Amino acid sequence: MGLLIRNGDIITADKRYKADIYIEDETITEIGENLQVPEGTEVIDAAGKYIFPGFIDPHVHIYLPFMGTYSKDTHASGSQAALIGGTTTFIEMCAPAGSEDTLEGYKHWKSLAEGNAACDYAFHMGVTRFDAQTEAQLREIVADGTPSFKVFLAYKGAFGIDDEALYKILTLAQELGVITTAHTENAELVAQLQQKLLSEGKTGPEWHEPSRPEYVEADGVHHFTTFLGATGAKGYIVHLSCKPALDAALEAKARGVDVAIEAVIPHLLLDKTYAERPDFEGAKFVMSPPLRDKRNQAVLWEALERGDVSTVGTDHAPFDTTQKAMGKGDFTRIPNGIPAIEDRVNLLYTYGVSRGNLDLHRFVDAASTQAAKLFGLYPRKGAVEVGSDADLVIYDPDYRGKLSVKMQHMNVDYSGFEGVEIDGKPEVVTVRGAVQVRDGQFIGDKARGRFLRRETLKVAGG
Ligand SMILES: [Zn+2]
C-alpha cells in the first residue's frame, strides 16, 4: 500500500517548493502537484510543515567499550531516539581496540545492530592496527560495503596508531577509494600534559580541557593533513572544535589537500565552563576534543555557514553519572561523551536557522546531504527525489519546547542540554516508506533498520 504526503513545503539542500510526495514500498515514486493515487493509499497532510530528507548523523557511538565500561545506548534505544529527533540514518564508529582482530570486531558490531535498529545504519571501520592480515581484512570490509575508515591520532595505547600505520592505512584508502575519518589530537602531548596536571594535584574534570589545549588539536590536524597530502588520500576531520584547528585544516585545503570538516553539536553550543561546574557536575561535559573557550563557537558557526565545515554530527556517546564517577579524583578516567543523537537536528535548526544565520538549505545540507555525498549514500539518502529511499521528516517549525532528561529517549540519566529551548521538532518520520514516528512518538517497527552498503569514492565519483 502506498503513502501520500500532501501539501508539504519540501526543503532540500538546494530547492524549496510545494508538492505532494507519493511513496510505493520503500521508494519515492512520484513528486508533483495534486497527485492522483490509488484507493486505500494512506494520506498524511503536511500543510504548514516542512518536509526534509531524512537526517544523517555521520558520527555516532552506540556500542562503545571505553575504559572498561560500555556506553549506555543499545541499537534499539539509540535508533529510536535518533528517529524521534529526525535522524533516519546514522554511521556508527566500529572501534575494536588495537589488541583485537579487525574483522572480528567488524562482524561483532554488525551483529549487535542487525535486527535491533529502527533506523538505517552504516559503519566507519576503526583501524587501530595495521599488518598484512589487517590489510586483507580491510579489503574484505570495504568490499562488504563499508568504504570509510576511522583513525585515532589520540588515545595512545588504546585506539591510537603510529605514523607508519597511518601512512600505510592512507595508502590503502587511496587505492580503494575509501575516505578516512580522523580524530586529530597529538596523543603524546595529551599523555604528557595529563601526567603533568595529575602530578600537580589537578584531578577534576575542569582540567580535562587544559590537558588537550587547542594547539594539541591543531597539531593533530596539521599532522593528518600532511599525511593526506603525501598519500593523495581523501580525509575527513571529525569533531573539529576550535579556531587553530580550523585554520590548520583550511590551510591544508588551500594547499590542495582533499579533506572535509565535521563539527559536532556540543562544540557549537556548549563551552568549557560546563566542564568547570562544581561537585563533579563538570564530568557530564567531558568529551574529546574538549568543550572549548566560547570564542570558538562563532568561528565554527561561521565556517558552517560558509560551507568550510561540511557536516554536523554528534559524537553521541552516552555514559551515565555512575560511569562518569569512575573518574572522581582522576579526570583521565572519566568516560568521554555527551549524548546528543536525539537533539542534534532540533538544536541545529533552532540555533542555526531559527535564531542564527544558518541558511535553511545549508542546514539540510550539513545535517543530511553532505554526509550522504561524502560517505557514498547519495542520492539514495540525503535527497527528496524520485528513486530516493523514502526517508522523510515532516517538521513542525511552530513547535516550542525545552529539552530535558525527563522527556528524552536516549538511555542515559542526564541531558547535556537540560532546559535548552527548541523551536521546532519532527512530527512524522519515515524510514524507507514506513511511518516510524507519528506525533513525535516512536510507533514503528523496532527492527526496520537495515545495514547500508555504501559506494566507494571511485563509484561515487568523489
Ligand atoms: Zn567519536
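Overall form of the range 301-351: prolate. Here a/c, set by the Cα gyration tensor axes a ≥ b ≥ c, is 1.5 or more, and a/b is the larger of a/b and b/c.
Given the Cα-Cα distance of HIS108 and ASP25 and 0.36 nm per residue of separation, how much length would full extension add, in nm? Walk me through the numbers on the way to the answer.
Numbers: separation 83, 0.36 × 83 = 29.88 nm, distance 3.04 nm.
Fully extending the segment from HIS108 to ASP25 adds 26.8 nm.
Quick one: of the DSSP bridges fully inside the range 1-116, what percent are antiparallel, nearest 5?
60
The modelled label-to-label distance between ASP330 and ASN357, using points 7 Å beyond Cα along the C-beta direction, is 4.6 nm. The fewest-to-most ranking of GLU164, GLU185 by surrounding Cβ atoms within 10 Å reads GLU164, GLU185.
Multiplying the residue separation of ALA143 and TYR399 by 0.36 nm and removing their Cα-Cα distance gives an extension gain of 87.8 nm. Coordinate range of the alpha-carbon atoms in the range 1-42 per principal axis, descending: 32, 20, 12 Å. For PHE224, what is the net charge nearby, where nearby means another residue's Cβ is under 11 Å from its Cβ and Lys, Arg count +1, Asp, Glu -1? For residues surrounding PHE224, the net value is -4. For the range 353-430 versus the range 172-209, the inter-centroid distance based on Cα atoms is 30 Å.
Distance between the modelled labels on THR171 and ALA254, one decimal in nanometres: 3.1 nm (7 Å Cα→Cβ projection).
When a/c reaches 1.5 or more, the comparison of a/b and b/c decides; with that in mind, is the range 55-379 rounded, prolate or oblate per its Cα gyration tensor? Mind dumping the intermediate values first?
Details: a/c = 1.19, a/b = 1.10, b/c = 1.08.
Rounded is the answer for the range 55-379, as its axis ratio a/c remains below 1.5.
Which value at 222 nm does the chain reach when only helices count, each DSSP H run of 4 or more adding -39,500 (n - 2.57), with the total divided by all residues and rounded to the nearest 500 deg cm²/dmol? Spell out each step's value before the answer.
On the way: 15 runs with 135 residues, N = 462.
The helix contribution divided over the chain gives -8000 deg cm²/dmol.
Which entries of LYS72/LYS243; LYS294/LYS381; LYS107/LYS458; LYS107/LYS272; LYS110/LYS243 have Cα-Cα distances beyond 28 Å here? Spell out each step's value before the answer.
Values: LYS72/LYS243 32 Å; LYS294/LYS381 34 Å; LYS107/LYS458 25 Å; LYS107/LYS272 37 Å; LYS110/LYS243 36 Å.
Check vs 28 Å cut-off fails for LYS72/LYS243; LYS294/LYS381; LYS107/LYS272; LYS110/LYS243.
The packing ranking, built from the mean of other Cβ atoms within 10 Å per residue, places the peptides 169-176, 325-332 in the order 169-176, 325-332, highest first.
Assigning unit charges at the beta carbon (Lys, Arg +1; Asp, Glu -1) and nothing else, what dipole magnitude in debye, to the nearest 20, does the chain show about its Cα centre?
On the way: 48 positive and 67 negative charges, 89 e Å.
Dipole of the chain, to the nearest 20 debye: 420 debye.
Fewest neighbouring Cβ atoms within 10 Å first, the residues PHE149, PHE90 line up as PHE149, PHE90.
Fully extending the segment from ALA447 to THR273, taken as 0.36 nm per residue of separation minus the present Cα-Cα distance, adds 58.6 nm.
Where both partners of a DSSP beta bridge lie in the chain, what percent of those bridges are antiparallel, to the nearest 5? Numbers along the way, then the final one.
Values: 32 of 67 bridges.
Beta bridges within the chain, antiparallel portion: roughly 50 percent.
Calculated FRET efficiency, TYR70 to ARG16, Cβ-Cβ distance, R0 = 35 Å: about 0.25 to the nearest 0.05. With neighbours defined as other Cβ atoms within 10 Å of a residue's Cβ, the residues HIS108, HIS183 order from fewest to most as HIS108, HIS183.
Below 9 angstrom from the Cβ of CYS94, what's the summed charge of the other residues (Lys, Arg +1; Asp, Glu -1)? Provide the component values of the computation, followed by the final result.
Numbers: positive: LYS110, LYS150; negative: GLU92.
Charge balance near CYS94 sits at +1.
The modelled label-to-label distance between LYS294 and ALA230, using points 7 Å beyond Cα along the C-beta direction, is 4.1 nm.
Laboratory data are not the source of any read-out in this text; all were calculated from the coordinates shown. Bear in mind that the values here come from a model prediction, so they are computed numbers and not experimental data. So basically every Cβ, Gly included, is an ideal-geometry build from the backbone, and we count neighbours across all protein chains shown.
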